[in-house]
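For reference, the structure discussed in these notes is given below.
Derivation of every value follows stated rules applied to the coordinates shown; laboratory data play no part. Fair warning: this is a prediction, and the values are worked out from it, not measured in the lab. When we count neighbours, we look across all protein chains shown, and the Cβ atoms used for this are built from the backbone with ideal geometry, even at glycine.
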Amino acid sequence: MTRTKRGRGMAASWYGIARTATIDRAGAWAELDDGGTAKIVTGVTEIGEGILTVLAQVAADELGIRPEDVTIGDNDTARSPEAAHAGATRQTYMIGNSVALASREARNVLFEQIADHWEVEADQLRAFNGEIWALETNLRISMSDAVAICKGRGVVPLGSASFTAHGTGLDPVDGRGAPWQAYVFGTQVAEVEVDTYTGEVQVLGIWAAHDVGRAINPRGVEGQIEGGVVQGLGQALMEEYITVDGHTTTHGFAKYILPTSLDVPQINCVIVEDPDPESPLQAKGIGEPALVPTAPAIMNAIYDAIGVRIKSLPATPEKILKALREHSSDRQMIANANREERARLHERSAT
Amino acid sequence: MPKMKLEMEVNNRKVVKETDTHKRLIDFLREDLNLTGTKEGCGAGECGTCSVFVDGKLVKSCLMPAAKANGAKIETIEGLAKPGELTPVQKAFHKTGASQCGYCIPGMVMAATACLRENPKAGIEEIKERLGGNICRCTGYTKIFEAVEIARSVVAGEAPAGVLDEDEPLGESYIGHNVRRLDAPSKVTGRLKYAADMKLPDMLQMQVLRSPHAHARIVSIDTSEAEAMDGVACVITADDVPGKDGFGVFVHDQPIMARGKVRHVGEAVAAVAAEDLVTARRALSKIKVEYEVLPGLFDAEEALKPGAPVIHDYAPGNVVKHIPVRKGDVEKGFAEADLILEDDFSTQQVEHAYLEPEAGVAYVDADDVVTVISPSQNITHHRHMLADIIAKPINKVRFIMSPVGGGFGGKEDMIYQGMLALAAMKTHRPVQLNFTREESLIASAKRHPSRVHYRMGLKRDGRITAVEFSMLSDGGAYGMSSEGVMRKAAILSCGPYEIENLKVDTRAVYTNNTPSGAFRTFGGMQAQFATESMMDMAAEALDLDPFEIRRINMMKIGSLTHTQQALKTASLDRVLDAAEKASRWEKGAPKVRGATRQDLDGPDTRKSCTLGARIAAEVSGAEKGQRSGASEKTKDSERVA
């Protein structure tokens, strides 16, 4: 028997998008500004997931400009419309759609003015990446010029929107209800190596397939999956906040162990795009769902490798060793292996 | 306070300053030189966010007394590139999307820079080792590795510098396009200001007195001696709250400072705002609190027993929330089953460990608007709650969300913003409070530890006929997000499978442990850990491949969820197929077949990592003349000869 044993496991998962069992809402304002730039104001800021870039992409796409031309206002309850909280895998879905609708309204104001100016129909107009043109004509100008024309006609191209997600509450007796209008699903496979001498588990590979709806920024989606997987790995194998009679014994990062660069598996992301039929962007989300299947996939892989099932997280080396000791067939295998190795070492030192 | 004169060269500029003798290098850089790109994450040398170069060597500046750096040449994140420019490492971080919240990123860029300065040809294993002292909580490190490898290829001359600026061609839409993160340049250069980096004129520093007891009645608090100290602007307790005290995401059961009793170790009892941090800390020791210790409750099951200590008077049975979900007839479902599995699962309490500890600034503006700037994940709700607490109309309370250095749900609770607002109102001066890591650990909410009792009935063909799922979670001392976490856990409980008969109960209870609250997945992972373990145990018992048993039971379009919602879309079939294909999964029942599997150790896995493995590999590589420049040259000349 070898000292290290490998195995694989998988787990599936599901998750709901935006606030649970309630109506969720978010508002945004948009203005097409001088120079073909834009101001977007909504009550949100980055918590690291990349929402500012996503919103800039959404606004740019709707307005016909470039993401770097979009300025997003600060999240400030006295200066911006309510977009509520940064959590619940709701930012892309709630605020993304709200920004899309507000931007669309501002663009329509501009299109109406330019159509009148060019004497074409508004539905002939297209705008993308800083230019506006009319189909079936040679008319084409920069968005900067288009905004100047619009303002010259006395109109500031503005838009505002509120986006709603229609969740319903749960019945207090049987829980019946429609808590979300959008669901996502995921599956992860884990490959592990267990050191049967030390009890250490290394996760060598993760394959993570997640439905995110339409992916606005695929690299950003990967970043969320990779981060979620590593948080899941931390919870699976090492992290534990311990209290004794209410006093913590894990009062710093020397005691509360977190995954570092050496713990990270190769993470292979597969983005599955099942568009959301209920919302203009057709995107869903990935922030929270990414870490749901990681820990059970790792536990199932540990079982595949050594035949012991860890039902109490985290699967620390101490727990793995204890489980191996109590697992008789494995205990014998390890004893035999140790005996053989001792004999081999003895032989070597004798020669 | 005793002073010392320091002379250093910082970012190629000579600095001569008089400063306090107790300062660490990080304090000197951040406070005296305003170089706030160097972040404090733990104050103990564990996280690496404060990494700087001292005489060319990578050092954690929280571990070095400023006096020790006297005469040294210091390089911080601000000094790596000229204003408006980025180094290859910074550009590569921008290109790959290696920064998310950005708080660890200055330290990470410094560590990566150190790696490539010391070995411009560092391989991936060496890169990983050299970044091993820097913690990132957002990215899973993967995009960081990619960035350092790209920077390495440019620095080593293996790739043209142009690759750092190249992006994939734009198609017909920005949706689906890998637009570079717009906030990355501000993060990789350390220029983005988080709440702890902000300085306002005339600003006071706050420190918080925290409970040493898990459960105790507060007999008296005497703040007079602290208030009389030079440099102390105000001391606040629950008595200073002008309105209706109480906050929480679902139930407003938590006062902004302990009122009448403390319910967990680390709960805020009083706070001091003073001219500087040291005075504020000294003043804390002058506050006298008399406690009468009460019996503590430290276990979720104990909390439900008759006669258990009561944590909140409004909840005599200690139950925060119970969520039931019922569908079909479980008795009938179990009667139809060929196999019934029953087991127990548990998960631990988990810390968010965002690299940015809680921090905030509050002030009262000229129009009497009480303003709080903090990395709050829910300023809308915080504004509502604070307005009630300080008895002001909603438009006289303003919350500004500063850049969040990682949240994961841990910054949804208003655990310190109320104290800041009170002190600002009492002094009419700006007040700042920056948590230490230790404070963040004991005062902020955690992931709910959970116990699940599971019963699953199945037919021989793998179909689930019934599930009974019961979860008990320790909510700790305050309600925070417990109600919502229990609701989500119940809704998602039995996983993405259509089950005709089920009985689900999730309960959270009060104890005197550190509170549990919102944490990425909100109960979803605790519940599905149990379900996905059961699915594999069932697959083993029924001799089914784990993908197969899930396909047999999976939700499809039109399926009724556990809460009897008909699904309009469902993609489980597609993600199962995608994961199975991508991982080259070898079919078979999960019967401990690791030893015989043929799908292991593929090119899409990393190498296993053992102590000294890289060095051993490099030594043997060098012996074979594959690594060092010298041996390569020898090889060339041999060829010429």
Pairs over 28 Å Cα to Cα, from A:LYS151/B:LYS187; B:LYS321/B:LYS411; B:LYS14/B:LYS411; B:LYS143/B:LYS411; B:LYS82/B:LYS199; B:LYS3/B:LYS286, come to A:LYS151/B:LYS187; B:LYS14/B:LYS411
Least to most buried among B:LEU284, A:LEU204, B:LEU492, B:LEU339, by other C-beta atoms within 10 Å and fewest first, runs B:LEU339, B:LEU284, A:LEU204, B:LEU492
Magnitude of the Cβ-charge dipole (Lys and Arg +1, Asp and Glu -1) of the protein assembly as shown about the Cα centre, nearest 20 debye, reported as 1840 debye
Those trypsin sites (Lys or Arg not before Pro) from region A:64-110 that are DSSP loop and have at most 15 other Cβ neighbours within 10 Å turn out to be A:ARG79
By Cβ neighbour count within 10 Å, fewest first, A:ARG8, A:ARG3 rank A:ARG3, A:ARG8
Per-residue Cβ contact counts at 10 Å, fewest first, order A:HIS251, A:HIS166, B:HIS453 as A:HIS166, B:HIS453, A:HIS251
Counting only DSSP loop positions in region B:22-116, the GluC sites (Glu not before Pro) whose Cβ has at most 11 other Cβ atoms within 10 Å are B:GLU85
Around B:ARG507 (Cβ within 13 Å, Cβ-to-Cβ, excluding B:ARG507; K/R +1, D/E -1) the net charge comes to -1
Total charge of the residues flanking B:THR569 in space, meaning their Cβ is under 13 Å from its Cβ, with Lys and Arg +1 and Asp and Glu -1, is -1
Under the helix-only model (-39500 (n - 2.57) for each DSSP H run of 4 or more, divided by the residues of chain A), the mean residue ellipticity at 222 nm, to 500 deg cm²/dmol, is -10500 deg cm²/dmol
Per residue, the convex hull enclosing the alpha carbons of chain A has a volume in Å³ of 216 Å³
Once both label points are put 7 Å beyond Cα along the C-beta direction, the B:PHE250-A:ASP34 separation in nm becomes 5.2 nm
Shielding of B:516-522 by other chains, given as the mean Cβ count within 10 Å, works out to 6
With a ≥ b ≥ c from the Cα gyration tensor eigenvalues, square-rooted, and the rule rounded for a/c under 1.5, otherwise prolate when a/b > b/c and oblate otherwise, region B:531-602 is oblate
Charge dipole of the protein assembly as shown built from unit charges on the beta carbon (Lys, Arg +1; Asp, Glu -1), centred at mean Cα; most positive-end Cα among B:MET554, A:GLY287, A:MET238 is A:MET238
Neighbours of A:ALA208 by Cβ distance under 11 Å: Lys/Arg at +1, Asp/Glu at -1, summed charge -2
When the charge dipole of the protein assembly as shown is computed with +1 on Lys and Arg Cβ and -1 on Asp and Glu Cβ about the Cα centre, the Cα farthest towards its positive end, among B:GLY475, A:GLY16, B:PRO496, belongs to B:GLY475
With a Förster distance of 45 angstrom and the Cβ-Cβ distance between A:THR4 and B:GLU166, calculated FRET efficiency to the nearest 0.05 equals 0.65
In nm², the average projected area of the convex hull spanned by the Cα atoms of chain B is 36.5 nm²
For region B:360-448, inverting the pair-averaged 1/r of distinct alpha-carbon atoms gives a Kirkwood value in Å of 13.3 Å
FRET efficiency (B:ALA566, A:LYS151; Cβ distance; R0 45 Å; to 0.05) is 0.35
The size of the Cβ-based charge dipole (Lys, Arg +1; Asp, Glu -1) of chain A about the Cα centre, to the nearest 20 debye, is 1620 debye
About its Cα centre, chain B carries a charge dipole, from +1 on Lys and Arg Cβ atoms and -1 on Asp and Glu Cβ atoms, whose size in debye to the nearest 20 is 820 debye
Checked against a 23 Å limit on the C-alpha separation, the offending pairs among B:LYS128/B:LYS581; B:LYS95/B:LYS446; B:LYS23/B:LYS60 are B:LYS128/B:LYS581; B:LYS95/B:LYS446
Across B:91-97, the residue-averaged tally of Cβ atoms belonging to other chains within 10 Å stands at 2
Any aspartates and glutamates whose Cα falls less than 13 Å from that of B:LYS288, other than same-chain ones fewer than 8 residues away, would be B:ASP222, B:GLU225, B:GLU227
Residue span B:ARG460 to B:LYS587: 0.36 nm per residue of separation minus Cα-Cα distance leaves a gain in nm of 43.8 nm
Region B:233-283 -> Rg/Rh from Cα coords, Kirkwood Rh, value 1.03
In degrees, nearest 10, the alpha-carbon axis of helix A:294-306 is tilted away from the dominant principal axis of the alpha carbons of chain A by 30 degrees
Rounded to 0.05, the calculated FRET efficiency for the beta carbons of B:GLU7 and B:SER285 at R₀ = 25 Å is 0.15
Taking only C-alpha positions in region A:60-130, Rg and Dmax in angstrom work out to 15.0, 47
Looks like the protein assembly as shown, by Cα gyration tensor root eigenvalues a ≥ b ≥ c and the a/c under 1.5 rounded cutoff (else prolate when a/b is bigger than b/c, oblate otherwise), is rounded
Mean per-residue count of partner chain Cβ within 10 Å for B:125-133 equals 2
Here the gain from full extension of B:LEU341 to B:LYS82, 0.36 nm per residue of separation minus their alpha-carbon distance, amounts to 86.8 nm
Both in Å, the radius of gyration and Dmax of the C-alpha trace of region A:23-164 are 15.2, 47
For region A:271-324, the Cα gyration tensor yields equivalent-ellipsoid semi-axes (√(5λ), largest first, whole Å) of 37, 11, 7
